[in-house]
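Working notes, beginning with the structure itself.
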């Protein structure tokens, strides 16, 4: 048996840390002296203590440390993978925030340049995947734009009108710091997208310098000024690495669902809001799959109401083939994913039934 001091010296944990992990149920002593209260540990617990010390140094939450101590090696590796992805996401968020702060404190950002070499086809597909979600509210100019969120290995395009959000990605090489550029939708859709369609090269160059964006392919160029507005924090709606998976995932045939939504007799229910009546499409999901429910139909599973027009837009943007609809409940956002491209998806806000 090892005393708590001996285990501390052998594992790299402090005595106080060992007491904390005992009280948290993570690493409980093999024996506690009923008279003195001294904690005693077996030799076999030294390996667990060293594992706890390592996981603590990389910032893993206590609940996951507890799970790792009791898990099989394969499960521990999965926990480590999820935590690594979470750390990488946090680092990317920190880099973006630092870039934003630099723009607030001095002119240095004006001379900073980020150059991307992207797949022309991927960038064109990304524009097509998000354009339907661009807003048109004159009081919210930041929503009438497409966000270019530069990452270490590509760029993520994001658009939202508050009722729906679309995200897509184009991979490539990046030379320069990660930055965000908010471009008017007219520039992205009416100028950049035709340039990509006319190009024949596999790659397109995107250069971000200060408040300007330059897109070049096959000798053709489009330049545009970025918008100074702050885009909403869309990442709060994204599934986080290692997070809880959705409660329900339903594969659907995109063409079949589009046909059902466009049918003249497609069922809807009426709901009123601010004195106006809206037609709401109700999706019902159970063990047999997902379908459109009529006004008097019910299901043993989950029901969610959405704007059928918005759902059609999302399905059209996702293309044909197999899609996956993900939902957690009747008042949680509905995610529409392409089974062929995990980086492209859209989210619809639900309508309370």
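Structure values in brief
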read-out	value
Test: residue in the stretch 286-308 that is within 29 Å of the chain's Cα centre (by Cα), assigned to a helix (DSSP H, G or I) and in contact (Cβ under 8 Å) with a residue 12 or more places away in the chain	yes
Residue in the stretch 157-180 that is free of Cβ contacts under 8 Å to residues at least 40 places away in the same chain, under 25 Å from residue 101 (Cα atoms) and within 19 Å of the chain's Cα centre (by Cα) present	yes
Hey, residue 254 modelled with pLDDT of 85 or more, touching a strand residue (DSSP E or B) at 6+ places or on another chain (Cβ under 6 Å) and farther than 25 Å from residue 352 by Cβ or not	yes
Count of residues meeting criterion [under 12 Å from the mean Cα position of the chain (by Cα), in contact (Cβ under 8 Å) with a residue 24 or more places away in the chain and surrounded by fewer than 22 Cβ atoms within 10 Å (Cβ to Cβ)] in the stretch 336-346	1
Residue pairs meeting the criteria (Cβ under 7 Å; at least 6 apart or on separate chains; first within 15 Å of residue 69 (Cβ to Cβ) and in the same structural domain as residue 37 (by TED's automatic domain parsing), in the stretch 1-26; second modelled with pLDDT of 90 or more and part of a loop (DSSP other than H, G, I, E, B))	18/27; 21/27; 22/28; 22/29
Elements of type helices (runs of 4 or more DSSP H) contained in the stretch 24-117, each with 2 or more residues being under 24 Å from residue 10 (Cβ atoms)	45-57, 62-70, 73-105
Filter result for residue 327 (over 26 Å from residue 130 (Cα atoms), in contact (Cβ under 8 Å) with a residue 12 or more places away in the chain and in contact with a strand residue (DSSP E or B) (Cβ under 7 Å, 6 or more places away or on another chain))	no
Those residues of the stretch 133-150 which are over 13 Å from residue 182 (Cβ atoms) and surrounded by fewer than 19 Cβ atoms within 10 Å (Cβ to Cβ), in sequence order	136, 137, 138, 139
Residue check, residue 158 over 24 Å from residue 344 (Cα atoms) and in contact with a helix residue (DSSP H, G or I) (Cβ under 9 Å, 6 or more places away or on another chain)	no
Strands (runs of 3 or more DSSP E) lying entirely in the stretch 190-284 (those with 3 or more residues that are surrounded by fewer than 11 Cβ atoms within 10 Å (Cβ to Cβ))	269-273
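The values are calculated or read from the model by the stated rules, or taken from the named source; none is laboratory data. Note that the coordinates shown come from a computational prediction; the quantities given were computed from them, not determined experimentally. Glycine also receives a Cβ, built like all others from the backbone with ideal geometry; neighbour counts cover every protein chain displayed.
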